[in-house]
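See below for the structure under consideration.
The values are calculated or read from the model by the stated rules, or taken from the named source; none is laboratory data. Keep in mind that this is a model prediction, so the values were computed, not measured. Ideal geometry is used to build each Cβ from the backbone, glycine not excepted, and the neighbour counts take in all protein chains shown.
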Amino acid sequence: MIQNETWMDISSGIPQPSAGDTAAGWETEKTPSPEPAGYTEHAAPGPQPLQKPQRVRRVGSFTMGVALIACGVLVLLFLLFHNMEMLFTAAKWSPVLLILLGVEVLASNFLFRKDKLKYDFLSGFFCLCVIGSSLLLSAGSVVYEYGEGRYEAEASISQQISDQCYEQLQGTQEISSLSVHVSLNGGSRDLPQTYQDLRAYDDVHIDVRLVGQDADAQAFAQRCKAISDRLDTGNLSLVSVSFYAGNLDNGQAEYDLTIHDRFQKELSAEQLAELVDVTQPEPDEEGTV
């Protein structure tokens, strides 16, 4: 028979079980262990707020869209009108795409600082291809205009026609200056070397500056008619002649008349007066001309 021994805690007055009484059902009160120095109790972390994803903006897409629209419109106009000069003019303005791309990059960095910028490599590559093609087209136009003796032939024929006009108009006191412009079209293999060899698709233009002041368009047309009758262009049916007179800087009205073909050359002075363009000087603040 097992006897449980108990003993009295004199300080507390509470009976305490012996070492063997634990197994017999005595329950001892467990006191919490002391916390280490410097320990602070932390609350359990709550749910973290969701972070807003950073917006991604593509830089260069706008410039690529403008380039595609410009190329499409240019190709459409060329297919409708077959004007090579329009292509050459557009090629000279192609570096504007680089300026537009740079403006787009700067504006995106300034306006969308909080967004993540992603540069469109395809847009930049496309703009470089357009500009490279434009440079090749411009170089081709320079070669076409000045290559293989075209410039020399045009200058030579212009001088020949100018000498011929001088012989025909020699002694005329009303002419201040006369200049001839020749444009040879077509291939460079069969360029003409004299004005007698000019072809139907070549262009010849003569500018004549008259001295003096005309009272009106009728008086100016009469002077132009007299000079035109003395100016024999021979079989050059495509020669056009422009006459100028007056000076706005001196307070004089400016008169301009262009005779485009042989039919207009046969018109009378009264009929030519209807084709004269008159530019009057602007009146000053007092209302006088």
Problem set entry | Single match in VAL276, VAL239, VAL182, VAL208 (criterion: within 25 Å of MET84 (Cβ to Cβ) and at pLDDT 85 or above) | VAL182
For this session: Would you please name the residue that is surrounded by the most Cβ atoms within 10 Å (Cβ to Cβ), looking only at residues in region 100-120 that are under 20 Å from the mean Cα position of the chain (by Cα) and without any contact (Cβ under 8 Å) to a residue 40 or more places away in the chain?
Result: LEU100
Problem set entry | Near pairs, Cβ below 6 angstrom, 6+ apart or cross-chain, from region 121-133 (more than 17 Å from PHE62 (Cβ to Cβ)) to any residue that is among the hydrophobic types (A, V, I, L, M, F, W, C) and assigned to a helix (DSSP H, G or I) | none
For this session: Determine which member of the set LYS118, LYS92 is touching a Ser or Thr at 6+ places or on another chain (Cβ under 8 Å), farther than 15 Å from LEU68 by Cβ and in the same structural domain as GLY72 (by TED's automatic domain parsing).
Result: LYS92
Exercise. Going through region 245-260 one residue at a time, which ones are part of a loop (DSSP other than H, G, I, E, B) and over 37 Å from the mean Cα position of the chain (by Cα)?
Worked result: GLY246, GLY251, GLN252, ALA253
